[in-house]
Amino acid sequence: MAVTAALVNDLRKMTGCGMMDCKKALTESNGDMDKAVDYLREKGIAKAAKKADRIASEGLIMSYIHGTRIGVLLEFNTETDFAAKNAEVQELAHDIAMHIAAINPKYVRREEVPEEEVEHEREVLKTQTMNEGKPEAIAEKIVNGRIDKFYKEICLLEQPFVKNPDITVGQLVTEKIAKVGENMNVRRFVRFECGEGLEKREDNFADEVASML
């Protein structure tokens, strides 16, 4: 059975789980709604979704330095200070900071992407699609699909986790919520890269070494 957007939306309303989790559950269950609900329950995702509305105002600041050139500061929120001190939660925050260092997302979630940036990308993709000779009747669907891919490239929670690309960073957090038993989330981050934004020298390395001798 085909997994349609309507089915995904119905499952989301029924369980409160995220769209990506619902889509995966329906895909794994061949479109069977009851089996999809069971899948979400077995994975602990449905349980985690119920905790998502609870306020997570405690947490920790995690730092990660890669070599001497890239650094990340991450604010990871939990409901209680007790959870913030949990070794598994700290490991999760460390892994997410490492992911940020490696993949360099621009935003935490798609709701943070400025509308003007999305519209600019949409116009570029629309022109690109028309230049490819796609029929206008399906061009909009193609653009919407590419916009979705655009979000997945720049939003932390939608990116494939660097240590396990089979799940997203958001799914990784959801799994930990189900295991720990309280809500938690990535609030914000900042990534530093040495020399970023500065004009780079174009000197030939061999010439530079020779000039030092």
Which one of these is in a helix (DSSP H, G or I), farther than 30 Å from G59 by Cα and polar (S, T, N, Q): T174, T127? T127
In segment 43-82, anything small (G, A, S) and modelled with pLDDT of 90 or more is listed as G59, S63, G71
Go through segment 137-160 and give me each residue that's touching a Pro at 6+ places or on another chain (Cβ under 7 Å) and hydrophobic (A, V, I, L, M, F, W, C). I154, C155, L156
Any chance you could count how many residues in segment 3-34 are farther than 22 Å from D166 by Cα, surrounded by 15 or more Cβ atoms within 10 Å (Cβ to Cβ) and either free of Cβ contacts under 8 Å to residues at least 24 places away in the same chain or in contact with a His (Cβ under 8 Å, 6 or more places away or on another chain) (or both)? 1
Which numbered condition A101 misses (of (1) surrounded by 15 or more Cβ atoms within 10 Å (Cβ to Cβ); (2) in contact (Cβ under 8 Å) with a residue 60 or more places away in the chain; (3) touching a helix residue (DSSP H, G or I) at 6+ places or on another chain (Cβ under 8 Å)): (3)
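What about A137, is it exposed (fewer than 15 other Cβ atoms within 10 Å of the Cβ) and farther than 23 Å from K152 by Cβ?
yes
The values are calculated or read from the model by the stated rules, or taken from the named source; none is laboratory data. These numbers come from a predicted model, not from an experiment. All Cβ positions, even for glycine, are placed from backbone atoms using ideal geometry, and neighbour counts span all protein chains on display.
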